[in-house]
């Protein structure tokens, strides 16, 4: 590691497990103190915080529902009060309707939940933390976790594709609104072999092999494998990039410029 985030404070949403936990620990390894957000996985969040403390960095857990503005406002107030500043926000939380195996299974409840978490949650966090970054310290970097699903859509869960596409619009809008002091970008990972994905029925019955067959790099990443581009967008390495969408899917999509 190169201490790219030395002396900075990062908050990672959904950092109790999986990809979020890997991001939070990597931020600490790069020198940041970390706010470990969770909604319901308190045990996981505290475990992540403990691992961060073992790296010699300060860590605090913070609970809230990102789709509820009052929760987001409280978390922002708590974060800035506890650490004095927040330099990096990584909006990792998302809902991909993981139990839905076909578009025919879609329900109004699933639509509402996916859009509330992915769109409303990302927007509220970007808005509230971004506003404070701009007004209070005139600096910061926000990384919104999107998905490669925006390239091809999702016949399995159209609401998920719609939500992730909206995140690009949110990022571009706030890249303008918070400029020139706060940068906002979107990372578009492909399939990450997290516990949730490995337990999906379609992943056990041929989907994994089909995805691999169309992935030039011929491998599927673990959460830690996708962390480096997140750190790139969060650090000064990407200091002249804002409003961008960065694909990270092993070449599966290969969109044009």
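Scan (1) surrounded by fewer than 24 Cβ atoms within 10 Å (Cβ to Cβ); (2) closer than 21 Å to residue 139 by Cα; (3) in contact (Cβ under 8 Å) with a residue 40 or more places away in the chain for the single condition residue 22 breaks and write down its number.
Among (1) surrounded by fewer than 24 Cβ atoms within 10 Å (Cβ to Cβ); (2) closer than 21 Å to residue 139 by Cα; (3) in contact (Cβ under 8 Å) with a residue 40 or more places away in the chain, the lone unmet condition for residue 22 is (2).
Does the range 49-60 include one or more residues that are within 17 Å of the chain's Cα centre (by Cα), more than 19 Å from residue 96 (Cα to Cα) and surrounded by 19 or more Cβ atoms within 10 Å (Cβ to Cβ)?
No, the conditions are met nowhere in the range 49-60.
Has the range 94-107 got at least one residue that is within 25 Å of residue 229 (Cβ to Cβ) and touching a strand residue (DSSP E or B) at 6+ places or on another chain (Cβ under 6 Å)?
no
Assuming residue 222 fulfils every condition listed in (1) under 19 Å from residue 21 (Cβ atoms); (2) modelled with pLDDT under 95; (3) in contact with a helix residue (DSSP H, G or I) (Cβ under 7 Å, 6 or more places away or on another chain) apart from one, which condition is it?
Unmet for residue 222, out of (1) under 19 Å from residue 21 (Cβ atoms); (2) modelled with pLDDT under 95; (3) in contact with a helix residue (DSSP H, G or I) (Cβ under 7 Å, 6 or more places away or on another chain): (3).
The values are calculated or read from the model by the stated rules, or taken from the named source; none is laboratory data. Every value quoted in this text rests on a predicted model; they were computed, and no experiment measured them. Note that each Cβ is placed from the backbone with ideal geometry, even for glycine, and that neighbours are counted across all protein chains shown.
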